[in-house]
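A short worksheet on the structure shown next.
The values are calculated or read from the model by the stated rules, or taken from the named source; none is laboratory data. Being a predicted model, the structure only gives us computed values, none of them experimental. Positions of Cβ are backbone-derived with ideal geometry, glycine not excepted, and every protein chain shown enters the neighbour counts. When the accessible area is computed, the model is the full protein with side chains, heavy atoms only, and any ligands, DNA or RNA have been set aside. Shrake-Rupley method; radii C 1.70, N 1.55, O 1.52, S 1.80 Å.
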Amino acid sequence: MDKSKRAAVIAGNWKMNMTPSQTTAFINELAPKVAGLDGCKVVLCVPFVDIAPAVEAAKGTNIEIGAENIHWEAKGAYTGEISGAMLSECGVKYVIVGHSERRQYFGETDVTVNARVKAGLANGLKVILCVGETLTEREQGVTYETVARQTKIALLGVSAEELKNVIIAYEPVWAIGTGKTATAEQAEEVCAAIRGVLADIYCEKCAEATTIQYGGSMNAKNAEELLSMKNIDGGLIGGASLKSDDFTVIVKAAQ
Ligand code: PGA
């Protein structure tokens, strides 16, 4: 499939940044800058407490709102967790699952990532599934094995039909927040390999239709080159999504 037939998605990952009032101000500032840029989907994944003001401020714009995590159970005694029903009722359309910071600092495993992916899909959300190798894994030559394992386990029990609501974000851990971007060739190689994994576990057509993002220090300067690669359909943007001008340049690069 020609890349232009896949949905391009530029998603901001705010992480633990922005208060509710800053959220409103930011979206009011961003909305006119990205208005009419319909060549890609524009998504902001925000902290839970910013969801309500974000959804409100994004009304009538081309910006969609996502969450940064989801719990796998529908409800119950899970102090501090947020369910899929809570998110969708608040107007959330996307959810990030398996971000490397969750894996590194909060005990997220391939198995819990799989449970969260399924919860997101069951609640009608589009899931941005993050995979990526650490520096040690890259240096030891197990990048492909790592992303293949993460992808395969995360998608256990996910049907080909459900895969249509999954976006894979390839985020090499060594490139996140470090200013060290993977070269366009490195990013392309792994994104192509992930597409190959999808072809193995689903089908060629399913793999070709899946949006694969690159994430890890994507910014206003390098976005165009990364997004020009055949297998890179969008970006998951951390630091640069906190600056409306930089984020707008990235959205424009994806047009
Ligand atoms: P970064 O973060 O753009 O700040 O490197 C990307 C991410 O963690 O999703």
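Relative to the compact-globule estimate of 2.2 N^0.38 Å, the Cα radius of gyration of region 22-75 comes out at 1.23.
Between region 102-154 and region 211-255, how many Å separate their Cα centres? The two parts, judged by their Cα centres, are 21 Å apart.
Distance between the C-alpha centres of region 25-50 and region 86-101: 16 Å, rounded to the whole angstrom.
Think of each Lys and Arg Cβ as +1 and each Asp and Glu Cβ as -1; about the Cα centre, that makes the dipole of the chain roughly 320 debye. Candidate cross-link partners of residue 15 among the lysines, defined by an alpha-carbon separation under 20 Å and a same-chain spacing of 8 or more, comprise 41, 93, 126, 180, 243. Other residues within the sphere of radius under 13 Å centred on the Cβ of residue 142, judged by their own Cβ, net out at -2 (K and R +1, D and E -1).
Averaging the sequence gap over all C-alpha pairs within less than 8 Å and six or more residues apart, then dividing by the number of residues, gives the chain a relative contact order of 22 percent. No solvent, one uniform scatterer per C-alpha: report log10 I(q)/I(0) for the chain via the Debye equation at q = 0.10, 0.16, 0.17 1/Å, two decimals. Computed log10 I(q)/I(0) values: -0.43, -1.19, -1.36. Solvent-accessible area of the chain (1.4 angstrom probe, protein heavy atoms only): carbon and sulfur portion equals 54 percent. Considering only Cα atoms, the convex hull volume of region 1-114 works out to 131 Å³ per residue. Here the ratio of the Cα radius of gyration of region 109-187 to 2.2 N^0.38 Å is 1.17. When the Cα gyration tensor is reduced to axis lengths a ≥ b ≥ c, the ratio a/c is 1.5 or higher for region 1-49, and with a/b not above b/c it is classed as oblate. Excluding residue 2 itself, what net charge comes from residues whose Cβ is under 15 Å from its Cβ, given Lys and Arg +1 and Asp and Glu -1? Counting the neighbours of residue 2, the net charge comes to +3.
Calculated translational diffusion coefficient of region 160-240 (37 °C, 0.692 mPa s; Stokes-Einstein with Kirkwood radius over alpha-carbon pairs) equals 258 µm²/s.
Extension gain, residue 19 to residue 5, is 1.4 nm, computed as 0.36 nm per intervening residue step minus the present C-alpha separation. With viscosity 0.692 mPa s and temperature 37 °C, the Kirkwood radius over alpha carbon pairs of region 52-199 converts through Stokes-Einstein to a diffusion coefficient of 203 µm²/s.
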